[in-house]
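Q: Mind having a look at this structure? Questions to follow.
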Amino acid sequence: MLSTKDLETISSSTLNHYEANAASFWEGTRHHDVTQNYEALLSALPNKTGLKILDFGCGPGRDLAYFKSLGHLPTGLDGSKSFCEMAAAHSSCPVLHQNFIRLDLPAASFDGIFANASLFHVPRQELARVLKILAASLVSGGALFSSNPRGSGEALNGERYGHYLEFDDYEAYLQAAGFAVVHHYYRPKGLPRDQQPWLAVVAKLC
Ligand SMILES: C[S@@+](CC[C@H](N)C(=O)[O-])C[C@H]1O[C@@H](n2cnc3c(N)ncnc32)[C@H](O)[C@@H]1O
């Protein structure tokens with residue numbers, strides 16, 4: 001069982017890595033094609049503009065800008081101050097500077113949550129609690145999209161903490177938080193499973 005201090009150390013170390021590499025992260029990821037993931041979330045939501053979408057772990061703002069370009073009302077959230085500033089500049093969207101382990105979100109406020117490559121940074125012992133907070137921030141019928149590297153266990157990759165789950169175990173966490181999975185797939189698209197390190201899941205509030 002990790003102490004509060006351990007959890008702070010882990011998240012600070014992870015965030016320090018992103019802070020130190022913020023500019024190169026943007027250059028390296030700004031043109032990533034995540035169309036499949038955008039469509040996965042949007043297909044689980046009402047077919048209209050003006051959807052309130054929380055980009056959880058928004059990084060420097062690529063996906064906020066995309067959702068805004070479609071006429072939605074995205075809000076970013078990230079623990080890296082540099083990423084929050086970059087995301088606001090790149091998207092002109094509101095961006096919350098919050099740590100995943102100390103979230104303060106409005107209740108029943110978002111139609112959807114887009115958590116692209118971010119939830120795996122939540123220390124595993126906190127995952128159930130964080131998923132419940134995310135569930136409480138969604139409106140009735142709201143949807144959570146998440147994409148994470150799959151596997152088992154927890155590890156430090158340099159300074160960055162990650163936990164890894166395969167679908168069945170992750171589904172159990174989602175169900176315990178009040179979600180029902182509607183769709184899951186592996187990425188990159190079209191490759192054999194052993195060359196698809198990413199697990200993408202769309203879940204809706206029950
Ligand atoms: C792999 S990046 C993904 C960024 C973006 N979603 C994307 O797809 O490009 C992980 C993001 O999670 C954020 N993050 C990691 N740990 C965090 C924590 N404890 N609190 C808040 N944000 C955190 C990082 O700052 C980073 O923006």
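Readers should treat all values here as calculations from the given coordinates under stated rules, not as data from a laboratory. Computed from a prediction, not measured in an experiment: that's the story for all the values here. Methodologically, a virtual Cβ is constructed for each residue, glycine included, from the backbone with ideal geometry; neighbour enumeration extends over all protein chains shown.
Q: Of everything in segment 27-44, what is near the ligand (Cβ under 9 Å from one of its atoms) and either of a type in the set (D, E, K, R) or surrounded by 13 or more Cβ atoms within 10 Å (Cβ to Cβ) (or both)? Give them in sequence order.
A: Thr29, Arg30, Val34, Asn37
Q: Here's something else I'd like to know. The conditions are (1) of a type outside the set (Lys, Arg); (2) within 17 Å of Ala180 (Cα to Cα); (3) buried (at least 19 other Cβ atoms within 10 Å of the Cβ), and Gly61 fails exactly one of them. Which is it?
A: That leaves (2) as the condition not met.
Q: Just checking, which of Gly151, Gly141, Gly190 is over 25 Å from His72 (Cβ atoms) and either touching a residue at least 12 places away in the same chain (Cβ under 8 Å) or touching an Asp or Glu at 6+ places or on another chain (Cβ under 6 Å) (or both)?
A: Every option except Gly151 fails the conditions.
Q: Can you pull out the strands (runs of 3 or more DSSP E) entirely within segment 13-120 that have at least 1 residues that are free of Cβ contacts under 8 Å to residues at least 40 places away in the same chain?
A: Per the criteria, 73-78, 95-97.
Q: Could you list all residues from segment 154-186 that are part of a strand (DSSP E or B), touching a residue at least 60 places away in the same chain (Cβ under 8 Å) and either in contact with a Ser or Thr (Cβ under 7 Å, 6 or more places away or on another chain) or small (Gly, Ala, Ser) (or both)?
A: Arg160, Tyr161
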